[in-house]
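What follows is a set of notes on a single structure, which appears directly below.
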């Protein structure tokens, strides 16, 4: 008797076709790139703009904006900046400026040991804090009365547990609730317009210290608050508690169809980098690290996705350390750069197909109104879609070839140029560099013909040449 495994069995539990149907119903944080409730390893060599790429993706997800042509699911984003200094805030400011919208990305500058239980608990506290208080649906709705009231109580309890020396050091005029919920300023000018990150560092220092206490705080109040943040059936009790003691009506009666209902909000945790948040790269450490990330995903009811940024080996062709990294995670991405051109490739995508390489180009932007101590305008880089730039670079074959010179001249003209003007400029430039006039003319005709045949240039109206948008 044969059995067709590709036909549903009437509800006995599992069949191959039901598994395939579940795969087809994957929810994506970034369409085709980052699945929800997944662990993604983003591997890159130094100077490959990996932090810029990660911040750009974080801002898009936090605002629910498309990420270079791919739809995103809006989420609460927590970025652990364990590597680097205050420039992370400048990069974030440039990203927000380019996207014309401040992103509610929560950046914490800390180095939790995630392979260690204490580091996992610290991240759990930060996630609970972010998901419970800082959600903003775009209409001015942030958090819920439940979370704010409980956080105030937790703040009072934590402040009481500070040592006498710590209480003396605690900033005057700021209560614990304010410190826990304070937002570091992205770029903060003094009266002279100079970026001064000292206040942000103070907020980060105290916030990390209080979150360490919070993660170890085992009171019933904290457990209720955390259960409420992740929707584990404490809402009705908390609602009645608030109504009885504080007169807050209907605090737990959220509309189930409300897309901003906390139990439905996805979360994204970005860790930059693995090397700064783990003891080493051996198999045991990697396994513990990834297990703790899985625990956090489970703690949040599978609402959490994680991106871990990691370094390559010196050769630059693979990640450092144990093979357990690739074996135990859901997605493996690699980022490489050539000059200002960035390429993102997918080396592993569990339960879905690999996406085609994503091409980006790095651009520079000034942050008007902000200067360093020497009076120079602050600036940083940001990524834009780079299909055309990559295509032109491939056609040019290098920065000094005739094709590269021609493409640069057309690009400087805004993408369209009269053929006669381009020929004259090319010949003048090449002759000035010592090349023979006769050979330059032949080279020009040959390269133009090749670029048109390859689809890099189009012959436009009125004898013009036009760069083709990729």
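In region 384-412, the qualifying residues are those that are in a loop (DSSP other than H, G, I, E, B) and out of contact with any strand residue (DSSP E or B) (no Cβ under 9 Å at 6 or more places or on another chain), and the one that is modelled with the lowest pLDDT is 399.
Output the number of residues of region 413-427 satisfying the condition of being over 20 Å from residue 387 (Cβ atoms) and either surrounded by fewer than 11 Cβ atoms within 10 Å (Cβ to Cβ) or in contact (Cβ under 8 Å) with a residue 40 or more places away in the chain (or both). Show your work before the answer.
Just the residues of region 413-427 that are over 20 Å from residue 387 (Cβ atoms), to begin with: 413, 417-427.
Okay, now just the ones that are also either surrounded by fewer than 11 Cβ atoms within 10 Å (Cβ to Cβ) or in contact (Cβ under 8 Å) with a residue 40 or more places away in the chain (or both), so 417-420, 422.
Residues flagged as over 20 Å from residue 387 (Cβ atoms) and either surrounded by fewer than 11 Cβ atoms within 10 Å (Cβ to Cβ) or in contact (Cβ under 8 Å) with a residue 40 or more places away in the chain (or both) within region 413-427 amount to 5.
Any residue at all in region 336-349 that is within 23 Å of residue 25 (Cα to Cα) and in contact with a helix residue (DSSP H, G or I) (Cβ under 8 Å, 6 or more places away or on another chain)? Yes, because at least one residue in region 336-349 is within 23 Å of residue 25 (Cα to Cα) and in contact with a helix residue (DSSP H, G or I) (Cβ under 8 Å, 6 or more places away or on another chain).
Yes or no: residue 78 assigned by the TED database to the domain that holds residue 333, part of a strand (DSSP E or B), at negative phi and modelled with pLDDT of 95 or more? Outline the logic, then answer.
Values: assigned by the TED database to the domain that holds residue 333: yes; part of a strand (DSSP E or B): yes; at negative phi: yes; modelled with pLDDT of 95 or more: no.
For residue 78, the condition - assigned by the TED database to the domain that holds residue 333, part of a strand (DSSP E or B), at negative phi and modelled with pLDDT of 95 or more - is not met.
Please go through region 339-357 and pick out each residue that is surrounded by 12 or more Cβ atoms within 10 Å (Cβ to Cβ) and either outside the structural domain of residue 40 (by the TED database) or not in a strand (DSSP E or B) (or both).
Here is the first cut: in region 339-357, the residues surrounded by 12 or more Cβ atoms within 10 Å (Cβ to Cβ) are 340-352, 354-355, 357.
Residues satisfying the conditions are 340, 350, 351, 352, 354, 355, 357.
When residue 401 is tested against the conditions (1) surrounded by fewer than 15 Cβ atoms within 10 Å (Cβ to Cβ); (2) free of Cβ contacts under 8 Å to residues at least 40 places away in the same chain; (3) touching a helix residue (DSSP H, G or I) at 6+ places or on another chain (Cβ under 9 Å); (4) in the same structural domain as residue 86 (by the TED database), the lone failure is (4).
Filtering 360, 367, 381 for residues that are assigned by the TED database to the domain that holds residue 91 and either closer than 20 Å to residue 327 by Cα or modelled with pLDDT under 90 (or both) leaves a single hit, 367. Would a scan of region 98-107 turn up a residue that is in contact with a helix residue (DSSP H, G or I) (Cβ under 7 Å, 6 or more places away or on another chain), in the same structural domain as residue 284 (by the TED database) and modelled with pLDDT of 90 or more? The answer is no, given that none of the residues of region 98-107 is in contact with a helix residue (DSSP H, G or I) (Cβ under 7 Å, 6 or more places away or on another chain), in the same structural domain as residue 284 (by the TED database) and modelled with pLDDT of 90 or more.
Looking only at region 314-333, decide whether some residue is at pLDDT 90 or above and surrounded by fewer than 19 Cβ atoms within 10 Å (Cβ to Cβ). Lay out the reasoning, then the answer.
Step one: list which residues in region 314-333 are at pLDDT 90 or above, which gives 329-333.
When the remaining residues are screened for being surrounded by fewer than 19 Cβ atoms within 10 Å (Cβ to Cβ), the result is 330.
Yes, the conditions are met somewhere in region 314-333.
Being touching a strand residue (DSSP E or B) at 6+ places or on another chain (Cβ under 9 Å) and not in a loop (DSSP other than H, G, I, E, B) is the requirement here; does residue 89 meet it? It is true that residue 89 is touching a strand residue (DSSP E or B) at 6+ places or on another chain (Cβ under 9 Å) and not in a loop (DSSP other than H, G, I, E, B).
The values are calculated or read from the model by the stated rules, or taken from the named source; none is laboratory data. Keep in mind it's a predicted model, so treat the numbers as computed, not measured. Quick reminder, even Gly has a Cβ in these numbers, built from the backbone with ideal geometry, and neighbours come from all protein chains shown.
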